[in-house]
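Contents: one structure, followed by commentary.
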Amino acid sequence: MSTTTAAPATPLSYKILFVLCVCFFNEAFTFSNLFSYIGFMVWDFHLTDDVDQVGYYAGYLGSCFSLASFISSFWWGKMSDKYGKRPILLIGATGATLTSLVFGFSNSLWMAMALRFLSGLVNGNIGVVKGYTSDITDSSNQAKTMSYMQLSWGLGNIMGSILGGVMARPCEQHPSFCSPSSFLGKYPYALPNLINTFFSLLGLVMLWYFIPKQSSSSSSSSSYVRNGQVEKDEVNGLLAVVDEDEDEEEGLSAFKMTSLSKEDDETHQGVISVQLLRDSEVSAPPSDQRPFWRFKDAMILCAAYGALGAAYTVFEEAWPLWALSPISRGGLGFTPSELGYVGAINGI
């Protein structure tokens, strides 16, 4: 009776995976950071004296980022295929850093809306990070990798909600920390956005130094080296050795690529792939050129994902507006800190 053993999971570069998780964390942090104080920010713009009208303006502000992301996401995806994912990730991280920095100093609704819209327009990192993750994984490690990504998103939601709520209006919530006449008193929403800027800048630096340069998707993403030479795999960050055995009569070449430990180049971690290629017939399989809306399963998944996203966003926007309303008006009278703590529970 023969037993089959599962093939070992393909080795991953955890350095690259960590950087991608940081990017995902920053996206969630940027998205959730605002909702802990969005109602208070709109109220401080002095657009209305009626607290019931705050939600009307907050809805416009809250939707700007998602609307811009919806408009630009397909374009950023095409650009990442054409120019590689690394430059697109760098552009997105740079845009998030700059817009977060300036957003905290917004003194009008229109300025705040323009910055949030610009942030979503230049930042297509959510889709690009998922695409990059797909490029460096296969069926043996994809589920584990995506669980790390989702964990990063949840952690970003938790930290964004807490720090956004605790750090907003610091002179009112923490009178011993600063006075109303101080810098933070004049710009009560600068501190949470400066923290957001710090995380975005950290992600930008990590992307620059730790994500390897790669060609567009039309080129091979791995480096195959013949005659036993050792080279670094540009995508997976591995050291690899490729041995070639050639059969001249049959015109076949056998390539064996084995990963080597970075700590010990003599230690073989396992065979990644063995390929038999007929030299005269090496060609890439034809790709399916149908438009994406012709793929039924993909469209069903997109519709389900969109419905879940809509429900989540409705809660994220409606909940703080109700909670900050005075108890006499049917609300809970929450402070930004209390809203942040509840938002963190939602992230969990």
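When you count, for each residue, the other Cβ atoms within 10 Å and take the mean per peptide, how do 178-188, 22-32, 86-96 rank with the highest first?
With the highest mean Cβ count within 10 Å placed first, the list reads 22-32, 86-96, 178-188.
State whether segment 301-348 is rounded, prolate or oblate according to the following rule on the C-alpha gyration tensor (a ≥ b ≥ c being the square roots of its eigenvalues): a/c under 1.5 gives rounded; otherwise a/b larger than b/c gives prolate, and the remaining case gives oblate.
Verdict is oblate for segment 301-348.
Counting only heavy atoms of protein chains, what accessible area per residue, in Å², does segment 1-149 have with a probe of 1.4 Å?
46
By accessible area of protein heavy atoms, probe 1.4 Å, what ranking do Ile195, Ile211 get, highest first?
Ranked list, largest accessible area first: Ile195, Ile211.
If you consider only alpha-carbon coordinates, what radius of gyration and Dmax does segment 104-146 have, in Å?
17.0, 51
If you take the square roots of the eigenvalues of the alpha-carbon gyration tensor of segment 92-180 and sort them as a ≥ b ≥ c, do you get rounded (a/c under 1.5), prolate (a/b over b/c) or oblate?
Because a/c hits 1.5 or more and a/b fails to exceed b/c, segment 92-180 counts as oblate.
Give or take rounding to whole Å, what are the principal axis extents of the alpha carbon atoms in segment 1-128, in descending order?
79, 37, 23
Greater than 19 Å separation of Cα atoms is the criterion. Which listed pairs, Lys82/Lys130; Lys82/Lys213; Lys78/Lys144; Lys85/Lys296; Lys15/Lys78; Lys144/Lys296, meet it?
Pairs exceeding the cut-off: Lys78/Lys144; Lys85/Lys296; Lys15/Lys78; Lys144/Lys296.
Just the number: Rg to Rh for segment 24-91, Cα atoms, Kirkwood Rh, two decimals.
When Rh is taken as the Kirkwood radius, the ratio is 1.15.
Could the peptides 142-154, 119-131, 54-66 be put in order, highest first, of the mean number of other beta-carbon atoms found within 10 Å of their residues?
For the peptides 142-154, 119-131, 54-66, the packing ranking is 119-131, 54-66, 142-154.
Beyond 24 Å, what share of the Cα-Cα pairs of segment 67-224 remains, rounded to the nearest whole percent?
44
The values are calculated or read from the model by the stated rules, or taken from the named source; none is laboratory data. All of these numbers come straight from a predicted model, not from anything done at the bench. All Cβ positions, glycine included, derive from the backbone under ideal geometry; neighbour counts span all protein chains shown. What goes into the accessible areas is simple: the full protein's heavy atoms, side chains included, and nothing from ligands, DNA or RNA. Shrake-Rupley method; radii C 1.70, N 1.55, O 1.52, S 1.80 Å.
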